[in-house]
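Heads up: the structure comes next, in structure tokens.
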Amino acid sequence: MSDEPTDLVFSALQKMRANGVHLRASLDTCDRLRAAASAPGRKPALPTRVPGNSPEDAPLQTPPANAPPPQKRGALSSALHAAMPAAPESPRTQIAPATFNAASAEKAANLAALRDPVLACVKCAHLAASRTQVVFGVGNPDAEVMFVGEAPGADEDLVGEPFVGKAGQTLTKMIEAMGFRRADVYIANILKCRPNTPAGEPGNRKPTPAEMEVCKPYLLQQIEIVRPKVLVALGGTAVEGLLGLPKVGITKMRGTWQEFHGIPLMPTFHPSYLLRPSAEQMANKRRVWEDLLAVLERLGHEITERQRGFFLAK
């Protein structure tokens, strides 16, 4: 494995591991194979993983000598082996172990390359001056579903990850009820910085259309890289920012399929809306759940009877 493409793969794996990306194969094993391949007259076949073992520690086996030679692949994308400097204070892009493949690796590398300009962005000087840190996005680069919110709140600004406060905990429960883990989906906001609020004023401010328009190209690049099968817009402001519709009536629009750059988009209530005390709280939870059931159906996922019964009156 001493040819140039393999060296690039090994280099990329090293950099991705250093950048916090979860990898199924052991870099130590790759290193041993690489060293063995450099011996004169020896060129071992690429290893394949034995099914049924843990992702990290599964042994490797080499195909028998009489097996047909593997097909040669084209050169890797330059984004895959581009340098990816670490940013310890910010959350890492994770790849769910079950979905790691070459396409996932390239997507992760492209997201990592996009992080640098986003983390350094000062296009909105007033937001750059007041933020604790930029909230880029988190999740599986190969996700089927991408959830899009409006902007980070105080908790997200402090942690550097979208949807980590009370509303984020509600979103996580919604995701798990769908049969996913949080690490299986991708989560981002239109605005990457927390909207600044006047001194002494509590709570979080809604982003302005101008602020969303400045930051929206970063989200567009994230969507282009991840290429989810379905987008879920959380709240009227997210729908407004994505579709460019002023003063969206989310109550009327939720549950109706839209389209964003060729991707089906499902508008639904923001998780924070479900935290408000209301006589309609259970009914609103059911409305959101029906929207998510529609997402599962669009994805072709099997829905259990138990799932269909969530939040129905007993």
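The values are calculated or read from the model by the stated rules, or taken from the named source; none is laboratory data. Everything quoted here is computed from the prediction, not taken from an experiment. Please note: Cβ atoms are built from the backbone with ideal geometry, for glycine as well, and neighbour counts cover all protein chains shown. Each accessible area value is taken on the protein alone, full model and side chains, heavy atoms only, with ligands, DNA and RNA left out. Shrake-Rupley method; radii C 1.70, N 1.55, O 1.52, S 1.80 Å.
Just name the residue that is nearest to I250 (Cα to Cα) out of those in the stretch 305-314 that are touching a residue at least 24 places away in the same chain (Cβ under 8 Å) and surrounded by 11 or more Cβ atoms within 10 Å (Cβ to Cβ).
F311
Could you list, in sequence order, the residues of the stretch 174-185 that are open to solvent by 10 Å² or more (accessible area, probe 1.4 Å), under 14 Å from G139 (Cα atoms) and part of a loop (DSSP other than H, G, I, E, B)?
Selection gives F180, R181.
Any residue at all in the stretch 275-288 that is free of Cβ contacts under 8 Å to residues at least 12 places away in the same chain and under 24 Å from the mean Cα position of the chain (by Cα)?
No - not one qualifying residue is present in the stretch 275-288.
So A188 passes all but one of these: (1) assigned to a helix (DSSP H, G or I); (2) buried (at least 19 other Cβ atoms within 10 Å of the Cβ). Which condition number does it fail?
Failed condition: (1).
Being farther than 24 Å from L171 by Cα, at pLDDT 95 or above and not in a helix (DSSP H, G or I) is the filter here, so list the residues in the stretch 96-139 that pass it.
Of everything in the stretch 96-139, those that are farther than 24 Å from L171 by Cα, at pLDDT 95 or above and not in a helix (DSSP H, G or I) turn out to be A120, C121, V122, K123, C124.
Would you pick out the residues in the stretch 218-241 that are open to solvent by less than 60 Å² (accessible area, probe 1.4 Å) and closer than 23 Å to A113 by Cα?
Y218, L219, L220, Q222, I223, I225, V226, P228, L231
Does E161 qualify as being open to solvent by 10 Å² or more (accessible area, probe 1.4 Å) and either of a type in the set (K, R) or over 13 Å from the mean Cα position of the chain (by Cα) (or both)?
Answer is no for this residue.
Any idea how many residues of the stretch 198-213 are open to solvent by 60 Å² or more (accessible area, probe 1.4 Å) and aliphatic (A, V, I, L, M)?
Count: 2.
Looking at G149, G153, G168, G139, which one is more than 24 Å from R227 (Cα to Cα), in contact (Cβ under 8 Å) with a residue 24 or more places away in the chain and surrounded by 20 or more Cβ atoms within 10 Å (Cβ to Cβ)?
Within the list G149, G153, G168, G139, the selection yields G153.
Considering only residues of the stretch 289-304 that are surrounded by fewer than 17 Cβ atoms within 10 Å (Cβ to Cβ) and touching a residue at least 40 places away in the same chain (Cβ under 8 Å), which is farthest from G235 (Cα to Cα)?
Only one residue fits best here, namely H301.
Which of (1) in a helix (DSSP H, G or I); (2) modelled with pLDDT under 95 is the odd one out, the single condition L171 does not satisfy?
Failed condition: (2).
Going by the structure shown, is F147 touching a helix residue (DSSP H, G or I) at 6+ places or on another chain (Cβ under 9 Å) and part of a strand (DSSP E or B)?
Here the answer is yes, as F147 does meet what is asked.
Just to be sure I understand, how many residues within the stretch 255-282 are within 22 Å of G165 (Cβ to Cβ) and surrounded by 19 or more Cβ atoms within 10 Å (Cβ to Cβ)?
Looking only at that region, the number is 8.
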